Amino acid sequence: MKRTLTVCPYCGTGCMLYLVSQGGRLVGVEPSSTHPVSRGSLCVKGWNAHAFVHHPDRLTSPLVREKGELRPATWDEAITVVVAGLKGVQDRHGSDALMFASSAKATNEENYLLMKLARRVFATNNIDHCARLCHSSTVTGLTDCFGSGAMTNSIACLDDTDLIFVIGSNTTEQHPLIGSRIMAAARRGARLIVADNRRIRLARHADLHLRHHNGSDVALLNSMMQVIISQGLTNLSFRERRTENYPLLAESVAEWTPERGAAVTGLTPGEIVDAARLFAGASSAMIIYAMGITQHSHGVDNVRCCANLALLTGNVGRNGAGVNPLRGQNNVQGGCDMGALPEYYSGYQSVGDPAIRQKFARYWGGSDLPATPGLPLTRAMDAALQGRIRGMFIMGENPLLSDPDQTHARLALEKLDFLVVQEIFLTETARLAHVVLPSACYAEKEGTFTSTERRVQLVRKVVEPPGEALADWQIISALARSAGCGGFSYDGPSEIMAEIAVLTPQYGGITYERLAPHGLQWPCSTPDDPGTPILHREQFTCGLGRFSPVTYRPPAELPDEEYPFVLTTGRTYCHWHTGTMTRRTHLLDREERAPFVEINPLDATRLGLREREPARVTSRRGSIIVAARISTIVPPGVLFIPFHFVEGAANLLTNNVLDPESSIPEFKICAVSVRREA
Ligand code: SF4
């Protein structure tokens, strides 16, 4: 038996664990007792992180479509077909007819290389990844207020804080080890406010549970700030020393009296006043949020409000405080850091800045790089339908299940002249591809992941990939070389990281040698920089913290006579994302086998729905049949469906309306009807 320390491939918490192997196969998992986040524990997904790796469904050879069918091919043939296909689209329709989708499940080095391939080889900034679907509003909103779009503090700050304000995060289900740390903080006496329409597990431990209407977060937060200002509870010295734009904020929230806030949120004025006073009265307060506030057509505004609240009360730049977005996937932070974004190179360096472009062009070799920001992934689907995007390269993502309005996504993908999918399993999206490239999973390659707290950690190879599968970085390098481009010959991922460090200020001091055993938190600029557990201590990345006033906008689609229920979607404890890995893990699949809809008992009785009986849920975009789960977790008038299940795909129903600034879809609210299915 051999134990190898590596990083959990699931959520952004970033637990490290030991993969136990024997005779070239994984046989189990052990937690790391010394890791500062895991601390000897794992959630059920972490305990089962080995189980999907040797699944018989793994892709073992490249597949090329011929006469409508996918057939096995050699690597030489597949690489030739991919390069010819992408070059063909480029020659016929221009570079910007191509779209590259990177992956929050791939390593930093692989995200960096795909970004380099898109920009250097195919001359397009059309590169994005699934942060577009979860935290693009965080990047825009927090960059606007603080100059940096990352979690400001560390998970360990939960041990020292006086108050935790959880808004839009079902933390015990999505980020279980952070959830249990919040519960431990509550047990030791930290105050806990939970703002969530559903009665989630954390709500049982809360001093105050705010069940505000879905999509009314701006109204709630503006009203809390109105109370804080009108009752003289702001942190005056912080405000004066460290912030700008305060008068604009004060003016914008002045009309948001608790009564007005109550009318929009469905709370009582007293609840809003209590929340405001509790938050402002804490000696240190952490805001924890996730996709419950980011996945809205006003997601950026929600994030800005959180930042405004923290600035108003001086809760940034110190221990036990901060604005802390919890990243959903293992390396969604790294995907953003590495520039798998249409407007940034690695380190959030703008493609519009000529000096930055020159820096990358000089290092990469070759001529000018494209200057115009590319298309966000969510807008690329529309562009594909309109014939503006003709070729797509998707690495390690399954947009057919994860995008809103699945019918729209399918039509867009089917319309492409050329689709390449690089994957570990033949996903729903891969089945549509012209070429499928089999890749190694996290246990079969080296590299780094960056967790939600900006902790860059080593991923280690434990077993060989199945059949002819290769690591994503090897495939991308081979594609670039086959396209005749130099600068893609690497001995291994550590050499790619050395290049990242040269070009990316936040990663400037990161080397593989320095990452053992438990990683470094960026910014880590120089070889002797110990990393940065807390951002914005002396000054914000943008200098002064910038208050950013927000005007309330209601959700794009509200219930009406025809569709009288609010549908919200999310994850469950046992599954992750589109279920590609967890549904191939026996124990996890056994625990949660099928899709369901949570419905309040009052609604269920009125509609004649019984527990586990089939219910048809319909929106303007589609209809699915799922089992009824009758529960007071949801209030009357609200339904919840997890989005992991292809046979009851919640995203057939969701609304693909986008936030105008971040292009994130409004996954968290749409109008539906529900009835008993005969
Ligand atoms: Fe893995 Fe997240 Fe569970 Fe930790 S909390 S074991 S990172 S899924």
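Read the figures in this text as sums done on the coordinates, not as results from a lab. This structure is a prediction, so every number in the text was calculated from the model and none was measured. FYI the Cβ positions are ideal-geometry reconstructions off the backbone, even for glycines, and counts take in every protein chain you see.
What is the distance, in nm, between label points placed 7 Å from the Cα along the Cα-to-Cβ direction at residue 526 and at residue 156?
2.3
Once you have the alpha carbon radius of gyration of region 1-107, what is it after dividing by 2.2 N^0.38 Å, with N set to its residue count? Don't jump to the answer; show the numbers that get you there.
Working: Rg = 19.9 Å, N = 107, 2.2 N^0.38 = 13.0 Å.
With N residues counted in region 1-107, Rg over 2.2 N^0.38 Å equals 1.53.
Could you give the length gained by full extension between residue 180 and residue 67, i.e. 0.36 nm per residue of separation minus their alpha carbon distance, to one decimal place?
Working: separation 113, 0.36 × 113 = 40.68 nm, distance 5.26 nm.
Extra length from residue 180 to residue 67 when fully extended: 35.4 nm.
When you have a sec, figure out the Kirkwood radius of region 2-47 from all distinct Cα pair distances and drop it here in Å to one decimal?
On the way: mean 1/r = 0.0947 Å⁻¹.
For region 2-47, the Kirkwood estimate is 10.6 Å.
Could you calculate the FRET efficiency of residue 620 with residue 255 from 1/(1 + (r/R0)^6), where r is the beta carbon distance between them and R0 is 45 Å, rounded to 0.05? Show your work: numbers first, answer last.
Values: r = 33 Å, r/R0 = 0.73.
Between residue 620 and residue 255 the formula returns 0.85.
Could you tell me what fraction of 2.2 N^0.38 Å the Cα radius of gyration of region 521-564 comes to, as a two-decimal ratio?
Numbers: Rg = 21.1 Å, N = 44, 2.2 N^0.38 = 9.3 Å.
Dividing the Cα Rg of region 521-564 by 2.2 N^0.38 Å gives 2.28.
Rounded to the nearest 0.05, what FRET efficiency do residue 675 and residue 498 give with R0 = 56 Å and r taken as the Cβ-Cβ distance? Could you check? Provide the component values of the computation, followed by the final result.
Numbers: r = 59 Å, r/R0 = 1.06.
According to the calculation, E is roughly 0.40.
Per 0.36 nm of contour for each residue apart, how much would the distance between residue 92 and residue 602 grow if the chain were fully extended, relative to their Cα-Cα spacing?
Values: separation 510, 0.36 × 510 = 183.60 nm, distance 5.85 nm.
Full-extension gain reported as 177.8 nm.
Label-point separation (nm) for residue 491 and residue 388, each offset 7 Å from Cα along Cα-to-Cβ?
Spacing of the two 7 Å Cα→Cβ label points: 4.5 nm.
Before rounding to the nearest 500, sum -39500 (n - 2.57) across all DSSP H runs of length at least 4 in the chain and divide by the residue total; then give [θ] at 222 nm in deg cm²/dmol.
On the way: 24 runs with 211 residues, N = 678.
Helices in the chain give a 222 nm mean residue ellipticity of -8500 deg cm²/dmol.
Rg(Cα) of region 565-676 divided by 2.2 N^0.38 Å?
1.06
How big is the antiparallel share of DSSP beta bridges in the chain, given as a percent to the nearest 5?
Values: 46 of 89 bridges.
Once the DSSP bridges in the chain are tallied, antiparallel ones form about 50 percent.
Just order 522-530, 323-331 by mean Cβ neighbour count inside 10 Å, highest at the front, would you?
Working: 522-530: 15.9, 323-331: 28.8.
Going by the mean number of other Cβ atoms within 10 Å, highest first, we get 323-331, 522-530.
How many angstrom lie between the C-alpha centres of region 453-496 and region 582-659?
39
Hey, for a label at residue 661 modelled as a point 7 Å past Cα toward Cβ, could you say which residues of region 542-560 have their backbone N under 12 Å away?
Residues 546-552 fall inside that zone.
Taking a threshold of 19 Å on the Cα-Cα distance, which of the pairs 45/105; 87/116; 359/445; 116/461; 105/445; 87/445 fall above it?
Listed pairs above 19 Å: 359/445; 116/461; 87/445.
Which angle between 0 and 90 degrees, to the nearest 10, do you get for helix 75-93 versus the longest principal axis of the chain when only C-alpha atoms count?
Taking Cα atoms only, the helix is inclined about 70 degrees.
How tilted is helix 472-482 with respect to the longest principal axis of the chain? Cα atoms for both, answer in degrees (0 to 90, nearest 10).
Tilt of helix 472-482: around 50 degrees.
Would you work out the charge dipole size for region 315-440 about its Cα centre, treating the Cβ of every Lys and Arg as +1 and the Cβ of every Asp and Glu as -1, and quote it to the nearest 20 debye? Working shown, then result.
Numbers: 11 positive and 12 negative charges, 58 e Å.
The dipole magnitude comes to about 280 debye.
At 0.36 nm per residue, minus the direct Cα-Cα distance, what do residue 84 and residue 25 gain on full extension? Give it in nm, one decimal, please. Don't skip to the end; give the middle numbers.
Numbers: separation 59, 0.36 × 59 = 21.24 nm, distance 3.68 nm.
Between residue 84 and residue 25, full extension yields an extra 17.6 nm.
For the chain, state the semi-axes of the equivalent ellipsoid (square roots of 5 times the eigenvalues of the alpha-carbon gyration tensor), sorted largest first and rounded to whole angstrom.
37, 30, 25
For the residue pair residue 208 and residue 371, what label-to-label distance in nm results when each label sits 7 Å from Cα along the Cα-to-beta-carbon direction?
Result for the modelled spin labels: 5.1 nm.
Using Cα pairs under 8 angstrom and six or more residues apart, how large is the relative contact order of the chain, in percent? Walk me through the numbers on the way to the answer.
On the way: 1663 pairs, mean separation 133.8, N = 678.
So the answer I get is 20 percent.
Using a ≥ b ≥ c from the Cα gyration tensor of region 542-596 (square roots of the eigenvalues), is it rounded, prolate or oblate, where a/c under 1.5 gives rounded and otherwise the larger of a/b and b/c decides, a/b for prolate?
Details: a/c = 5.11, a/b = 1.47, b/c = 3.47.
The shape class here is oblate.
Helix 299-312 against the longest principal axis of the chain: what's the angle in degrees, Cα atoms only, rounded to the nearest 10?
60
Hey, can you rank 357-363, 249-255, 149-155 by average C-beta count inside 10 Å, highest first? Don't skip to the end; give the middle numbers.
Values: 357-363: 14.9, 249-255: 17.3, 149-155: 26.1.
Sorting 357-363, 249-255, 149-155 by mean packing, highest first, produces 149-155, 249-255, 357-363.
Can you tell me the FRET efficiency between residue 561 and residue 75 if r is taken as the Cβ-Cβ distance and R0 is 60 Å, rounded to the nearest 0.05? Intermediate values should be presented prior to the final figure.
Working: r = 57 Å, r/R0 = 0.95.
Plugging the Cβ-Cβ distance into 1/(1 + (r/R0)^6) gives 0.55.
Convert 37 °C to kelvin, take the viscosity as 0.692 mPa s, use the Kirkwood radius over C-alpha pairs of region 51-189 as Rh, and evaluate the Stokes-Einstein diffusion coefficient in µm²/s, rounded to a whole number. It would help to have the intermediate numbers written out before the result.
Numbers: Rh = 19.5 Å.
Using the Kirkwood radius from Cα pairs, D works out to 168 µm²/s.
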